[in-house]
Amino acid sequence: MALKMKFKMLKRNFYLFTGLLLPLLSFGSDKANALFAKGNSYYAKGQYKEALNAYQQVLDDGYQSSDVYFNMGNASYKSDDIPSALLYYEKAHKLAPGDEDINFNIRFANLKTTDKIDEVPEFFLANWWKASILSFSVGILSVLSVLLVLFGSGVLIIYFFTNSVSIKKSSFYTSIISFLLGVLTIFIATMQVGYFNSHRQAIIFSSSVTVKSAPTERSGSLFVLHDGTKVNILDNNNGWIKLRLGNGNEGWIKTADVKEI
């Protein structure tokens, strides 16, 4: 098996709609695309540190892209920096949760982590719902909702101006269906944003960290985790975070031991 790579032109999205990420306009930046291409060139030459610097400049200019994070993950993986690789892959996953290349590389990089956590099985309806709202990115869902509403509006105009009873009837029902589908895609996009906002996660960067029973050094030791392990963040308390693993185990570690996704 080998890592998958992305070499695409970048787009910057503008968002509107009271908290729902709804891209109404997007355009490419020559500077951002040049930096992205520069990073890809460095990567192809095996200059992974230089590639990471070029990709980071894209982010510093305000362009967030799953492709940039994805390639940063690959450059980090090639540099044998597994925690950073997983951090960037997970950031890419948040922007494009349905992207199988990203999901593949997350699984691939996790093969190099020390801790193998057995996930607690979820109820099948919960799995189905999660898969449904994460099938497409918020950007795709938002664009789709706009197209559906515009299409429904166009068909509704036909309804008002046609004299044919059959066309009136079909255009009316078509516009209603289009509007309903548009609302559905907005709803799914909202659920996806809410899911990621309510599921704070982080990657452990310390080579080895002892999980405590309370947010103090004197508290009892529960178990040990290693770099690259993903944890769910439940709470913050004076430089400590309360974490939960996929197997249900909980405890406290210092905030400095992790980087939040």
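The values are calculated or read from the model by the stated rules, or taken from the named source; none is laboratory data. Only a predicted model underlies this, so the values are computations on that prediction, with no experimental measurement involved. Ideal geometry is used to build each Cβ from the backbone, glycine not excepted, and the neighbour counts take in all protein chains shown. Surface areas here come from the heavy atoms of the whole protein model, side chains and all, with no ligands, DNA or RNA. Shrake-Rupley method; radii C 1.70, N 1.55, O 1.52, S 1.80 Å.
Things worth noting here:
- A Cβ-based charge dipole, computed about the Cα centre of segment 121-261 with Lys and Arg at +1 and Asp and Glu at -1, lands at about 240 debye.
- Each Lys and Arg Cβ is given +1 and each Asp and Glu Cβ -1; about its Cα centre, segment 48-166 then shows a dipole of about 220 debye.
- For the cross-link pairs 212/259; 91/230; 49/94; 78/112, the ones whose C-alpha atoms lie over 20 Å apart are 49/94.
- For the options 218, 200, 244, a Gaussian network treatment of the chain with springs between C-alpha atoms closer than 10 Å singles out 218 as fluctuating the most.
- Over the chain, relative contact order from alpha-carbon pairs under 8 Å, at least 6 apart, %: 16
- Here the simple spin-label model places points 7 Å from the Cα toward Cβ, and for residue 150 and residue 223 these points are separated by 5.1 nm.
- Annotation note: chymotrypsin sites (Phe, Trp or Tyr not before Pro) in segment 70-112 located in DSSP loop regions with a Cβ neighbour count of at most 10 within 10 Å are absent.
- Relative to the current alpha-carbon distance between residue 195 and residue 177, full extension at 0.36 nm per residue lengthens the span by 3.8 nm.
- Carbon plus sulfur fraction of accessible area for segment 148-206, probe 1.4 Å, in percent: 76
- Residue-averaged [θ]222 nm for the chain, counting only DSSP H segments that reach four residues, each worth -39500 (n - 2.57): -17000 deg cm²/dmol
- Dipole magnitude (debye, nearest 20) for the chain, charges at Cβ of Lys, Arg, Asp, Glu: 420
- Of 113, 154, 135, farthest towards positive along the dipole that unit charges on Lys, Arg, Asp, Glu beta carbons give segment 70-165: 154
- Stretch gain in nm, segment residue 122-residue 108, where the contour uses 0.36 nm per residue and the Cα spacing is subtracted: 2.8 nm
- Among 221, 189, 210 the positive-end extreme of the charge dipole of segment 127-261 (Cβ point charges): 189
- For segment 118-171, accessible area per residue (1.4 Å probe, heavy atoms of protein chains only), Å²: 71
- Contact order normalised by residue count of segment 195-261, Cα under 8 Å, 6+ apart, percent: 37
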